[in-house]
C-alpha cells in the first residue's frame, strides 16, 4: 500500500434512526469533534451552510503529528445521502498553497442508506492524497517504511472513524453522547 495508490479506509454502522435524523447530525460539521480523537473543532468559513463549494476550517491534534489547521471544501452534497469534502493545503503547510480539490490532502465522505424499518446505514470513508500531507513528509524522510507508515495512518484514521460513528449513532438513537 503506497501513497500514490490513493489508500483508503472506511467504517460503517447501522443506526436505529431515520436518515433525516442522521443527516442532521452528519451535516453539522462541528458535531464530529465531540467524538473524534483527532478533530478538535470545525467552523464554517463564509456563509456557514452546507453546500457544494462551501468551505470550513478544521482544527486537529494528534499525539505524534502535533496540532494543525485545515481548510476543506464541500465537493459533494446530496441531502440525506452524501456529504463529502476535500481537505486542502490552503495554508501551504506542505508546499505551495494548494486550493484545488483535485489535489486534496484527503477526501472524506459520509454516505447514508435508508434501511427497512426506519434505520440508516451510515458509512464514513477517507481517501488519502493525491496532495502532499504530513504523511507524505514522513514517507519522504523514511521511504523504506512507506507501506508501514500508510497502514499505520489508515489504522489510526479507521479507529477514529469507529469512535465518531459510535458517537453519532448514539446521538441519533438516544439524543445523547456515546
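Annotations for the structure displayed:
- Cβ-Cβ distances below 6 Å connect no pair with a first residue in region 143-171 that is touching a residue at least 60 places away in the same chain (Cβ under 8 Å) and on the phi > 0 side of the Ramachandran plot, a second residue that is in a helix (DSSP H, G or I) and surrounded by 18 or more Cβ atoms within 10 Å (Cβ to Cβ), and a separation of six or more residues or different chains.
- Candidate set from region 138-151 (those that are part of a helix (DSSP H, G or I) and touching a helix residue (DSSP H, G or I) at 6+ places or on another chain (Cβ under 9 Å)); member that is surrounded by the fewest Cβ atoms within 10 Å (Cβ to Cβ): 145
- Residue that is within 16 Å of the chain's Cα centre (by Cα) and surrounded by fewer than 16 Cβ atoms within 10 Å (Cβ to Cβ), where the choices are 109, 55, 115, 61: 61
- In region 64-111, the residues that are outside any strand (DSSP E or B), more than 26 Å from residue 172 (Cβ to Cβ) and modelled with pLDDT of 85 or more: 104, 105
- In this structure, residue 51 does not satisfy being free of Cβ contacts under 8 Å to residues at least 60 places away in the same chain, touching a strand residue (DSSP E or B) at 6+ places or on another chain (Cβ under 8 Å) and either in a strand (DSSP E or B) or under 20 Å from residue 166 (Cα atoms) (or both).
- Only one of 135, 165 that is crowded, with 19+ Cβ neighbours inside 10 Å and under 25 Å from residue 24 (Cβ atoms): 165
- If only residues of region 1-16 that are out of contact with any strand residue (DSSP E or B) (no Cβ under 6 Å at 6 or more places or on another chain) and either in a loop (DSSP other than H, G, I, E, B) or surrounded by fewer than 16 Cβ atoms within 10 Å (Cβ to Cβ) (or both) are counted, the one that is modelled with the highest pLDDT is 16.
The values are calculated or read from the model by the stated rules, or taken from the named source; none is laboratory data. The model shown is predicted, which means the values in this text are computed figures rather than measured ones. Neighbour counts are summed over all protein chains in view; Cβ atoms, including those assigned to glycine, are modelled from backbone coordinates with ideal geometry.
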